[in-house]
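Novice: Here it is: the structure, laid out below.
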Amino acid sequence: MTVRGGSVFVGWVAVMAALVVAARLAPSAMWASIFDNLQWTFAFGGSAWLAWRGLAGARVIDRPLRIGLFAGALMIFAGQLVWMVQVASGWNPFPAPADAVFLLAPVAWAAGWLAALVRGLPRERLLPSLLDIGGAMSALMAAVLTLYFPSGADLAFGSLIVLALYPVLFLLAAGLAVLVVPALQLRPDRFHLLVLVGTTTYGLSWMHWNLLALEDALVPGSLFNAAFTLSAVLFGLGACRFRIEADLRGDECWRERTMAYLPLAAMALALLSLVLLFLRSGDDAGVAQRVIFACCLLALTLTTVRQTLVVGVLERLRNAENAILRNEAQMYRLANFDTLTELPNRRLFEDRLEHSLREAALSGGQVAVLLIDLDHFKQVNDTFGHRFGDRLLRETAMRLQSCLRSDATLARMGGDEFMVMVERMHSRTDVAALAQALLDRVDCPWADAAMAQQIVGASIGISLYPDDAANAVELIRNADSALNEAKSAGRGTYRFYIEAYTEVTRRKLELRNRLRLARPDLEFHVVYQPQYDALRNLVGLEALLRWTVDGAPVPPDEFIPIAEESGLIVAIGEWVLETTCRQILAWRAQGRWVPPVSVNVSARQLIEAEIAQRYAQIVHAAGVAAADLVLEVTETQLLEDRMLPSVEALSRAGFKLSMDDFGTGQSSLVKLKLLPITELKIDKAFVRDIATDAGDREICATIHALAITLGLEVVAEGVETEDQFELLVGMGCQRFQGWLFAPAMLPSAVSLPSEAAQLTAGSATAPAR
């Protein structure tokens, strides 16, 4: 507002204030009425002038609303002029022409707000908004009529309706001014608030005026009459400067709640009006009661229709949401799964592989990746067509999946390539066994009769984490390189990324399969290596297992670890013990003297809780005393706490215990003192270089000194030269075993003295043990 406009506004307010004071101080009711009408005329005229100024400077977006605001203010000013003509002429009926003009003002305002809503609301929200407005108007009409009803019960129907329309229409316009904020997401300012307060004050003022008129309590010059003037001033100020401004950064939650609760508010107001109507009505229901009831019924009907639309919208939204969820699920499957085999595709497989590698890095585990490629698949497509090729791929996927554990992932990488990821891999041998099982499964006859005679094999490339690569990309690339090697080798086989591992693993896998099917009486045999004292007298034997496959011997360091991994060592160990016991009896039956025989016991056997009871039963059934046997357990196994119960149980059963490979572990002197052992065997690794390595000599001397302190005998393994023998004798070592004296030999080659000769030798010399 300019300086000139501000001066005019101040003068306008001053004139109205003076007229209000003049009406209060008027000497008579006639002069008070004249001053009241003058202040209203100035107020309504100035309000229309301010609204016109706002329309003149309005933006295009504000123009429909500005026109409504100006038209409404102009109608109030025109109605005031008509009212003054009526008063001056002495013709003042009710309803009168002035009432019609006055009531056009809130209609113009409401039309302006509706125009703003129509321009700003989407089409799908327009009908619900109109229903909300209609329901609110009907409920408001019923509430106002309920208030008028006690005082205007004798009024005609038309008069009662006009009385009610004054507050209803003005408050409707005010309600639209409120609803336009959440509906159009506007940012309300002080000018919007002035328009709202001015419109509301108009409606409340006319409601109170009409109630006073019905009770014949109107007083010219009263302070209440200035409420119309105040309403005009507030409305005019707001209409002059109000602009539609969208609030893009505001919180939408309260706006949505406002629109959602409006039908409920209309319903509550209608129900309250009905309650008041029935409480106040008598037996004779007049026109006013019927109108109130009709308004309440209309309000409830409109809100019900509105809620029905909401339910329909919610149902459509729910259906749309379900469709979106289905589409999302379908899109997820299309993005992450192969449509032909329904297996994970490359993308999902690589994601899972990355996750597994992160877990393996934290836990120190291993992950295996197997890349599978069907051999001669192109020929199948060329011969039978792509439809048969697709059926073959689907059946291949099912076959491969049937071979996998729950922690393995099978994916189709594209074309005829599949990939398997195995988590928590235990050994290369297990991976090789899985690869062979996959190859065998693919190589079976096909279910399709047309392809049953076709040979469609596969080749597999294997890459391992962390041995071959540190990330998923390198693992897959290395598996592809290994696959190419498998194809170059003639197809129908598997290859590890490192060729040496392929041969070693293949050898171990073959040995494990042969070992599982081995017949001990035909393929296994036990040989015996003698032990001697410093005078080269025989003092003991060690039973050693040997295995022959297709006439070729298999080194013990190859098949013994495989037997331990597979658990076959338990049965094999018992067979060795039984065979040794039978051999002892056979020698004795020949009149031979048999020294104590040592038998090796593995860690896998010691885990068995009933090993002591089982071994005792074997020697008892064979007729051999437990003291005739020495059970050799490696140092590392003896020091494990979980092995101690079995070791102690074997000692209680009467077996002598020997600590084999002493010096290769990390012995605790406290445990060594408490263990029920009778001898230590110095590992051959220390004996081998004893003649040339001072460190090894010191180690052997220390072991011997420790054994003497603990009251244990010492057996030196791997003695192959006289120099080694002489050095060990010089240290005080009592027993020796190695190729210098004798290799491991068959029972028939073992030279044992007769019982009589041994008794004679024993009477001439002190016993060796």
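Novice: Rounded, prolate or oblate, given the Cα gyration tensor of segment 518-756, with a/c below 1.5 counting as rounded?
Specialist: Taking the square roots of the gyration eigenvalues as a ≥ b ≥ c, segment 518-756 is rounded.
Novice: Which lysines have a Cα less than 30 Å from the Cα of residue 487, not counting those fewer than 8 places away in the same chain?
Specialist: Cα-Cα hits under 30 Å: 378, 508.
Novice: Normalising by the residue count of segment 1-69, find the relative contact order in percent from Cα pairs under 8 Å and 6+ residues apart.
Specialist: Numbers: 31 pairs, mean separation 15.4, N = 69.
Relative contact order, segment 1-69: 22 percent.
Novice: Can you tell me, using C-alpha contacts under 8 Å and at least 6 residues apart, the relative contact order of the chain as a whole percent?
Specialist: It comes to 8 percent, rounded to a whole number.
Novice: What is the helix-to-structure angle for 346-363, meaning the angle in degrees between its Cα long axis and the longest Cα principal axis of the chain, kept from 0 to 90 and rounded to the nearest 10?
Specialist: Roughly 60 degrees, rounded to the nearest 10.
Novice: For 487, 673, 656, 681, which order do you get if you count the other beta carbons within 10 Å of each Cβ and list the fewest first?
Specialist: Lowest count first: 673, 487, 656, 681.
Novice: Could you calculate the contour length gain from residue 89 to residue 537, that is, 0.36 nm times the residue separation minus the distance between their Cα atoms, to one decimal place in nm? Present the calculation step by step, with values, prior to reporting the outcome.
Specialist: On the way: separation 448, 0.36 × 448 = 161.28 nm, distance 15.66 nm.
Gain in length upon complete extension: 145.6 nm.
Novice: Averaging sequence separations of C-alpha pairs under 8 Å and six or more residues apart, then dividing by the length of segment 3-311, give the relative contact order as a whole percent.
Specialist: Dividing the mean separation by the residue count of segment 3-311 yields 25 percent.
Novice: Note down the nm distance, to one decimal, between modelled labels 7 Å out along Cα→Cβ at residue 757 and at residue 642.
Specialist: Here the modelled spin labels are 4.8 nm apart.
Novice: If you average 1/r over all unlike Cα pairs in segment 657-753 and invert the result, what Kirkwood radius do you get in angstrom?
Specialist: Radius from the Kirkwood sum: 14.0 Å.
Novice: What nm value, rounded to one decimal, do you get for the distance between residue 324 and residue 224 when each label is placed 7 Å out toward the C-beta?
Specialist: Result: 5.5 nm between the two label points.
Novice: If R0 is 41 Å, what FRET efficiency do you get for residue 215 and residue 301 from their C-beta distance, rounded to 0.05?
Specialist: FRET efficiency, residue 215 to residue 301: 0.75.
Novice: Counting only other residues whose beta carbon sits under 10 Å from that of residue 242, what net charge do I get with K and R as +1, D and E as -1?
Specialist: On the way: positive: 66, 190, 241, 243; negative: 62, 189, 245.
Charge balance in the 10 Å sphere: +1.
Novice: How would you classify segment 3-311 from its alpha-carbon gyration tensor, with a ≥ b ≥ c the square roots of the eigenvalues: rounded for a/c under 1.5, else prolate if a/b is greater than b/c, otherwise oblate?
Specialist: oblate
Novice: Find which of 115, 473, 86 sits farthest along the positive direction of the dipole of the chain, computed with +1 on the beta-carbon of Lys and Arg, -1 on that of Asp and Glu, about the Cα centre.
Specialist: Result: 86.
Novice: Counting each DSSP H run of 4 or more residues in the chain as -39500 (n - 2.57), what helix-only mean residue ellipticity at 222 nm follows after dividing by all residues, to the nearest 500 deg cm²/dmol?
Specialist: Numbers: 28 runs with 482 residues, N = 769.
Dividing the helical sum by the residues of the chain leaves -21000 deg cm²/dmol.
Novice: Return one number: the angle in degrees, 0 to 90 and rounded to the nearest 10, between the long axis of the Cα atoms of helix 428-442 and the longest principal axis of the Cα atoms of the chain.
Specialist: In the chain, helix 428-442 runs at an angle near 70 degrees to the longest axis.
Novice: Which of 525, 355 has the fewest other C-beta atoms within 10 Å, and how do the rest follow up to the most?
Specialist: By the 10 Å Cβ count, ascending: 355, 525.
Novice: Could you rank the peptides 706-712, 207-213, 133-139, 225-231 by their average count of other C-beta atoms within 10 Å per residue, with the highest value first?
Specialist: Details: 706-712: 14.7, 207-213: 17.1, 133-139: 24.0, 225-231: 21.1.
The peptides rank, most packed first, as 133-139, 225-231, 207-213, 706-712.
Novice: Further question: Taking the Cα centre of the chain as origin, work out the dipole magnitude from +1 charges on Lys and Arg Cβ and -1 charges on Asp and Glu Cβ, in debye rounded to 20.
Specialist: Values: 66 positive and 80 negative charges, 825 e Å.
Rounded to the nearest 20 debye, it is 3960 debye.
Novice: Continuing with this model, one more query. To check you understand DSSP bridge types, tell me what percent of the beta bridges within the chain (both residues inside) are antiparallel, rounded to 5. Before the final figure, lay out each step's value.
Specialist: Values: 38 of 62 bridges.
Beta bridges within the chain, antiparallel portion: roughly 60 percent.
Novice: Most exposed first by the Cβ proxy, i.e. fewest other Cβ within 10 Å, how do 550, 375 rank?
Specialist: With the fewest neighbours first, 550, 375 line up as 550, 375.
Novice: Then there is this: Report the local net charge at residue 345: Lys and Arg +1, Asp and Glu -1, summed over other residues whose C-beta lies under 9 Å from its C-beta. Write out the running numbers ahead of the final one.
Specialist: Numbers: positive: 346, 347, 412; negative: 338.
Every neighbour counted, the sum reads +2.
Novice: Shifting gears a bit: Would you mind checking the radius of gyration and Dmax of the chain based on alpha-carbon positions, in Å?
Specialist: Rg and Dmax of the chain, Cα atoms, are 53.7, 166 Å.
Novice: Another question, then. Share of antiparallel DSSP beta bridges in segment 518-756, in percent to the nearest 5?
Specialist: Of the beta bridges lying entirely in segment 518-756, close to 45 percent run antiparallel.
Novice: Can you work out ³J(HN,Hα) from phi for every residue in segment 42-48, in order, using Karplus 6.51 cos²θ - 1.76 cosθ + 1.60 and θ = phi - 60°, giving whole Hz and x for Gly and Pro?
Specialist: After applying 6.51 cos²θ - 1.76 cosθ + 1.60, I find 4, 5, 5, x, x, 4, 5 Hz.
Computed from the coordinates by the stated procedures, all read-outs in this text should not be read as laboratory data. What you see is a predicted model, and the numbers here were worked out from it, not measured in a lab. Ideal geometry is used to build each Cβ from the backbone, glycine not excepted, and the neighbour counts take in all protein chains shown.
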